[in-house]
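Structure, as structure tokens:
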Amino acid sequence: MITFSGAFPRPIRLTEETRRFAYESLKGKYGDEAKSTLSISLDHIEGLDELSTSKQCAIAMTEVAKRAPLRICPHESVSGAATLGGAFLAGGLANYNGKNLLPGTDHLTLGFIDAVNLGIDVYEKKIQQRKNDPALTARQIEVLDTLQASVDALRIYHRRYMEALAEIKPENAENLKNVPFLPPASFKEAVQSLWFLFSFARLLGNWPGIGRIDVLLGPYLDEDLKKGVITIEEAREFLAGFFIKGCEWIESAPTRGSGDAQTYQNIVLGGLIRENGILREASNEVTYLILEIIEELPIGDFPITVRMRKDSPERLKELTARVIRCGGGTVAVYNEELIFDSMVRFGYPEEEIVDFANDGCWEVQIPGKTCFSYYPFDGLRILLNDTLRLHTDIPAHFDNYASLYDCFLRNLEKHLSRIKQYTLDRYITRDEEGNEYFKENAPCAFVSLLTDDCISKARYYHEGGARYTILSPHIGGVPDIGNSLYAIDRLVFKDKLISFDGLMRALKNDWANEEYIRQYALNKYAYFGNDNDEADAYVTRFLDDYGKMLAPNKEDRLIRFPAGVSTFGRQINWAPYRLAVPFGKKAGEILSGNLSPTPNTDMEGASAVIRSYCKSDLAALTTGCALDLKLDPGAIEHPKGIEVLCALIDGFVELGGYFMQIDVVSAEMLRDAQAHPEDYKNLSVRVSGWNARFVSLDEQWQRMIIERTEQKR
């Protein structure tokens with residue numbers, strides 16, 4: 001019998017055949033096949049370089065649809081596959097003389113709900129109706145022609161699969177026959193339609209999130225269950241096939257780096273939906289089947305976030321906790337009520353915020369309506385270099401904490417202004433009268449097809465076609481900033497243990513000859529993450545000021561700049577360029593990730609970390625801020641372990657958290673996996689907004705995961 005490892009024993013509900021299909025996929029059988037054909041060459045097409053980028057895109061999509069290998073797995077329940085290895089790289093799938101003609105798009109969730117429910121024929125009609133407008137420019141007509149070309153390419157790919165399935169898997173052919181062009185007539189057709197659209201988007205080099213899959217599929221399953229045409233056990237088997245197909249890009253021996261499971265296949269479960277103007281709970285049988293499937297199979301390739309409220313169903317909360325308890329970091333939690341508040345504050349329409357999902361990672365957006373990107377930067381370096389000037393021969397001098405903090409905020413504001421100006425210069429142009437317009441940009445036709453307003457505007461996704469264009473500045477190192485400010489204020493201005501200039505010399509010299517003060521700073525103060533109001537206040541005040549700098553601005557007309565906090569593992573890349581910090585860490589150490597405590601500074605348990613994190617006005621951080629927790633399995637191995645996890649979720653929601661991801665894994669197991677990777681090929685860990693098989697991480701990334709503080713209570 002096939003077995004799967006986890007922090008705790010996994011239940012067995014699926015058939016042995018389905019479990020074996022999952023085992024083969026997780027081991028990399030199909031990902032290795034994809035690497036055999038990386039891309040489609042277009043070098044044989046004469047004059048391609050003389051055409052516009054839109055026409056090049058249309059030809060490239062057509063050639064990929066015609067020539068990409070088909071894959072039909074013996075046990076698959078849904079068909080379609082992104083079989084080109086270039087999809088691993090988010091692009092590079094159609095090349096002409098060394099140039100990629102299909103640049104990929106990521107950090108988005110496409111409008112899959114409307115696309116499946118309406119059918120692509122409706123989109124085709126919209127394109128043709130829009131083309132009847134005599135006021136369209138030549139450029140707009142070209143955009144619409146390219147969107148039509150993406151539909152034509154989808155039809156070509158669909159026809160090839162129908163022909164291949166007819167004899168091999170006629171039951172799959174029957175489910176695929178009408179979708180995704182017509183609305184589904186059953187649960188199986190709906191699942192097949194979603195998978196075919198998603199895999200085709202991947203085939204063209206895009207990495208979209210899937211979004212609220214239970215909101216989409218739940219009504220179809222409910223109807224089929226009422227009709228008696230499917231049982232819940234049959235639905236579980238069929239839906240498991242969807243998730244197993246999502247493992248098709250796993251390689252048996254991936255290149256080691258930041259992880260191999262980062263294809264942004266994120267899904268969102270639960271929460272509220274608006275129906276006939278009334279809000280109601282969205283969770284349904286699909287919600288619970290998905291959680292049961294992931295509880296049984298260690299598939300980390302669909303990072304799941306569950307939208308929680310104070311009155312979320314107990315069944316949803318308990319099953320979420322059970323999946324978290326298995327380890328792997330697959331399931332995270334949103335605080336739905338706080339996010340509603342955050343989005344209303346920023347100016348999103350109330351009728352749209354209920355539909356929020358994420359960008360394929362964890363940053364919040366309106367799916368199918370948003371062109372999202374973010375600009376990461378290291379806030380700690382602004383403090384150390386721009387404010388304290390530790391990288392110069394003569395560091396700065398401040399006579400009091402207030403003047404230091406004011407200078408730091410001014411430097412941060414300058415940096416944010418540069419980010420905004422850089423973005424506007426890159427994407428926006430102005431006419432002689434000063435009117436602003438988006439510049440022409442990459443075609444990305446299929447992404448534009450499934451994004452609202454691109455057809456009506458006859459503009460591509462990256463050039464203002466989407467309803468919302470978002471560039472979110474994402475600051476990193478916030479807990480390190482707060483700890484540094486706290487340590488300076490205490491060591492120099494309150495406790496007077498060292499002069500300001502003396503501390504600056506110590507930091508410039510990496511604490512040489514000041515080991516006593518370093519140890520005092522490191523061990524005598526309780527920093528962010530210990531529910532210490534004094535220390536936490538420095539992070540809280542700073543985040544409040546940062547959020548105000550990026551509050552809604554009437555001047556941000558075409559591009560909006562909501563605040564976010566993240567590192568996404570960049571603390572590894574930033575470490576070599578960071579000097580010693582005032583709270584006792586030496587130069588080059590890997591410090592805090594996202595909005596989580598600096599490793600080994602949080603000593604009071606998981607609940608204290610949550611309380612520290614929740615003291616800030618997190619609703620001001622519109623695109624999000626992640627809290628990463630690593631729990632030792634021993635902390636929840638007792639019979640009430642599920643209750644402990646439910647209590648952590650309840651506390652997180654009650655106190656006003658934003659996004660929390662919990663990984664249940666011991667440092668001992670991770671070190672053993674380093675020594676014996678062959679025994680841990682399916683060991684998944686949460687990296688940030690994605691999951692990765694631990695053995696696919698390089699040594700630095702593995703060390704970062706291991707060194708996260710291991711909460712034992």
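Read the figures in this text as sums done on the coordinates, not as results from a lab. Values in this document were obtained by computation on a predicted structure and should not be read as measured data. Please note: Cβ atoms are built from the backbone with ideal geometry, for glycine as well, and neighbour counts cover all protein chains shown.
Across the range 446-456, rounded Karplus estimates of 3J(HN,Hα) from the backbone phi angles (6.51 cos²θ - 1.76 cosθ + 1.60, θ = phi - 60°) give 5, 4, 5, 4, 9, 10, 4, 5, 5, 5, 5 Hz, Gly and Pro being marked x. Mean silhouette area of the chain, derived from the convex hull of its C-alpha atoms and averaged over all directions, reads 32.4 nm². Convex hull volume of the Cα atoms of the range 525-604, normalised per residue: 121 Å³.
Among the trypsin sites (Lys or Arg not before Pro) within the range 519-577, those in coil by DSSP and having at most 10 neighbouring Cβ atoms inside 10 Å are Lys554, Arg557. Dividing the alpha-carbon radius of gyration of the range 372-500 by the rule-of-thumb value 2.2 N^0.38 Å gives 1.53.
Computed from Cα positions, the angle between helix 641-655 and the longest principal axis of the chain comes to roughly 80 degrees.
Legend: calculated FRET efficiency, Ser41 to Lys548, from the Cβ-Cβ distance at R0 = 51 Å, rounded to 0.05, equals 0.45. Computed from the Cβ-Cβ distance with R0 of 41 Å, the FRET efficiency linking His75 to Ala575 stands at 0.35. Computed extension gain for Glu17 through Glu50, at 0.36 nm per residue and net of the alpha carbon distance, reaches 6.7 nm.
Which FRET efficiency value, to the nearest 0.05, do you get for Arg671 and Ser252 by plugging their Cβ-Cβ distance into 1/(1 + (r/R0)^6) with R0 = 22 Å? Rounded to the nearest 0.05, the efficiency is 0.45. For the range 210-253 and the range 306-375, write down the distance between their C-alpha centroids in whole Å. When both Cα centres are located, 21 Å separates them.
For the range 97-157, taking the reciprocal of the average inverse distance between every pair of different Cα atoms yields a Kirkwood hydrodynamic radius of 13.7 Å. For Lys524, a cut-off of 20 angstrom between C-alpha atoms picks up these aspartates and glutamates, skipping any fewer than 8 places away in its own chain: Asp480, Asp489, Asp495, Asp510, Glu514, Glu515, Asp533, Glu534, Asp536, Glu589, Asp602, Glu604.
A straight line joining the Cα centroids of the range 1-53 and the range 571-620 runs 36 Å.
Relative protection proxy for 661-674, 105-118, from highest mean packing down: 105-118, 661-674 (other beta-carbon atoms within 10 angstrom). Listed by chain and number, the aspartates and glutamates whose C-alpha is less than 14 Å from the C-alpha of Lys125, apart from same-chain residues fewer than 8 away, are Asp133, Asp145, Asp152. When the GluC sites (Glu not before Pro) in the range 418-480 are filtered for DSSP coil states and for at most 10 other beta-carbon atoms within 10 Å of their beta-carbon, the remaining sites are Glu432, Glu433. Within the range 398-429, none of the trypsin sites (Lys or Arg not before Pro) combine a DSSP coil assignment with at most 10 other C-beta atoms in a 10 angstrom radius. Between the alpha-carbon centres of the range 664-712 and the range 410-427 there is a gap of 37 Å.
Which of the pairs Lys55/Lys177; Lys317/Lys615; Lys35/Lys245; Lys126/Lys188 have their Cα atoms more than 18 Å apart in this structure? Where the Cα-Cα span goes over 18 Å, the pairs concerned are Lys55/Lys177; Lys317/Lys615; Lys126/Lys188. Computed on the range 1-118, the Cα convex hull volume stands at 174 Å³ per residue. Working from the Cα coordinates of the range 370-625, the gyration tensor eigenvalues give, after taking √(5λ), semi-axes of 39, 19, 15 Å in decreasing order. Our analysis of the range 575-694 gives Rg over Rh at 0.99, with the two radii drawn from alpha carbon positions and Rh computed by the Kirkwood formula. Relative contact order of the chain, taken over Cα pairs closer than 8 Å and 6 or more residues apart, is 16 percent. Nearest 10 degrees, 0 to 90: what angle lies between the long axis of helix 533-549 and the longest principal axis of the chain (Cα atoms)? Between the helix axis and the principal axis of the chain, the angle is about 50 degrees. Whole-Hz Karplus values for the range 569-577 come out as x, 5, 4, 5, 5, 6, 3, x, 9 Hz, taken residue by residue from phi with 6.51 cos²θ - 1.76 cosθ + 1.60 and θ = phi - 60°; glycine and proline positions read x. Size of the range 16-362 from its Cα atoms: along the principal axes, largest to smallest, the extents are 62, 50, 44 Å.
Calculate how steeply helix 336-346 sits against the longest principal axis of the alpha-carbon atoms of the chain, using the helix alpha-carbon long axis, and give the answer as 0 to 90 degrees to the nearest 10. With both axes taken from Cα atoms, the answer is about 80 degrees. Taking each DSSP H run with n ≥ 4 as -39500 (n - 2.57) and averaging over every residue of the chain yields -13000 deg cm²/dmol at 222 nm.
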